[in-house]
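**Student:** Please find one structure pasted underneath; my questions will follow.
No lab work stands behind these numbers, since they all come straight from the coordinates. Remember, predicted model here, so these are calculated numbers, not experimental data. Here Cβ is always computed from backbone atoms with ideal geometry, including for glycine, and neighbour counts include all displayed protein chains.
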Amino acid sequence: VERLEKMYRDSIKIKCPFFRRRASDIIEGMDMMARFLIIRHKSILDLPTLGCRNDIPGVFLKSNRHLEIATIAQLIKQDWKPSTHKGYLITGRLNHTLYRNDCFFDSPDPDMPVRGLNKYVCAARDLFDYKSSEAHLMDLAIIDNTKKIIQVRWKLQNAVLRLPWKPMLPTWTGRTTYYLDDNHLIYRHEDTWDISALEGFARTLLPPKLGDWIFHTSRRSSSSLEE
């Protein structure tokens with residue numbers, strides 16, 4: 001298991017986000033098999049999840065517990081960098097002190113869901129070209145004080161993925177919902193999009209004009225059938 005931890009640390013250094021995520025997934029699968037064998041032959045051990053280890057460089061330990069929900073909302077707003085539109089959705093950098101280390105992240109992205117703050121940050125960083133890509137914060141609200149839920153509405157535009165063929169994604173809007181636990185730490189971070197996961201994934205493979213033609217044609221066909 002210790003060897004797998006070293007392999008996981010090495011995989012974090014891979015520059016390409018696609019191969020970095022695939023490498024971490026393979027190592028995680030090997031980790032699951034190792035845990036199974038340990039449990040079969042020894043007493044059950046309390047082995048932390050890969051990506052949540054306290055001794056891995058980059059794992060975030062310090063957390064701001066019991067902050068007021070309004071304060072948390074303002075700190076979340078800062079993550080989105082409203083003045084530059086180069087917030088966490090573009091850079092993968094977020095205020096880790098607001099999150100539980102084992103936070104669950106979910107979205108329509110085929111690479112989701114993932115559990116573990118460090119694993120999510122490793123998957124999200126260097127995904128978009130910083131110069132051209134923008135994520136606009138459109139709205140932020142505390143939608144349920146009792147259940148401790150905060151939600152933001154955003155727009156992604158001019159987004160270019162850091163792949164060799166530099167695909168440009170269409171402009172789309174979405175929502176990110178933050179769920180807080182009793183310590184007022186984010187334990188679930190959930191994204192929803194106004195386009196399908198299929199379109200989002202296909203756009204990474206197709207030239208922009210071809211993608212526009214395919215999906216605009218598809219939408220016109222769907223509208224005609226509904227009429």
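**Student:** For the range 48-202, just list the percent of Cα-Cα distances falling in each 5 Å bin from zero outward, please.
**Tutor:** The calculated distribution, bin by bin, is 2, 9, 18, 23, 21, 15, 9, 3, 0, 0.
**Student:** Please turn the phi angles of the range 12-27 into ³J(HN,Hα) values with the Karplus equation 6.51 cos²θ - 1.76 cosθ + 1.60 (θ = phi - 60°), one per residue in order, whole Hz, x for glycine and proline.
**Tutor:** Whole-Hz 3J(HN,Hα) from phi for the range 12-27: 5, 7, 5, 6, 6, x, 5, 6, 4, 5, 5, 5, 5, 5, 5, 5.
**Student:** Over the range 78-152, how many percent of alpha carbon pairs lie in each 10 Å bin up to the one with the longest distance?
**Tutor:** 17, 46, 35, 3
**Student:** Quick one: what are the phi-derived ³J(HN,Hα) couplings along the range 99-113, Karplus 6.51/-1.76/1.60 with θ = phi - 60°, whole Hz, x for glycine and proline?
**Tutor:** Using θ = phi - 60°, the values come out as 10, 6, 5, 9, 4, 9, 10, 9, 6, x, 3, x, 7, 9, x Hz.
**Student:** Counting DSSP beta bridges in the range 116-167, what percent are antiparallel, to the nearest 5?
**Tutor:** If we restrict to bridges inside the range 116-167, about 100 percent are antiparallel.
**Student:** Given labels modelled 7 Å from the Cα in the Cβ direction, how far is it in nm from Asp106 to Asn145?
**Tutor:** The two pseudo-label positions are separated by 2.7 nm.
**Student:** Okay, moving on. Apply the Karplus parameterisation 6.51 cos²θ - 1.76 cosθ + 1.60, with θ equal to phi minus 60°, to every residue of the range 164-174 and state each ³J(HN,Hα) to the nearest whole Hz, in sequence, with x for glycine and proline.
**Tutor:** x, 8, 6, x, 9, 7, x, 5, 8, 10, x
**Student:** For Ser133, enumerate residues with amide H under 5 Å from its amide H, sequence gap 5+ or separate chain, H modeled in the peptide plane.
**Tutor:** Val160
**Student:** Between Lys62 and Thr173, what's the calculated FRET efficiency when r is the beta-carbon distance and R0 is 30 Å? Round to 0.05.
**Tutor:** 0.35
**Student:** Can you list the residues, at least 5 places off or on another chain, whose amide H is less than 5 Å from the amide H of His184, using H built in the peptide plane?
**Tutor:** Residues meeting the amide H criterion: His66.
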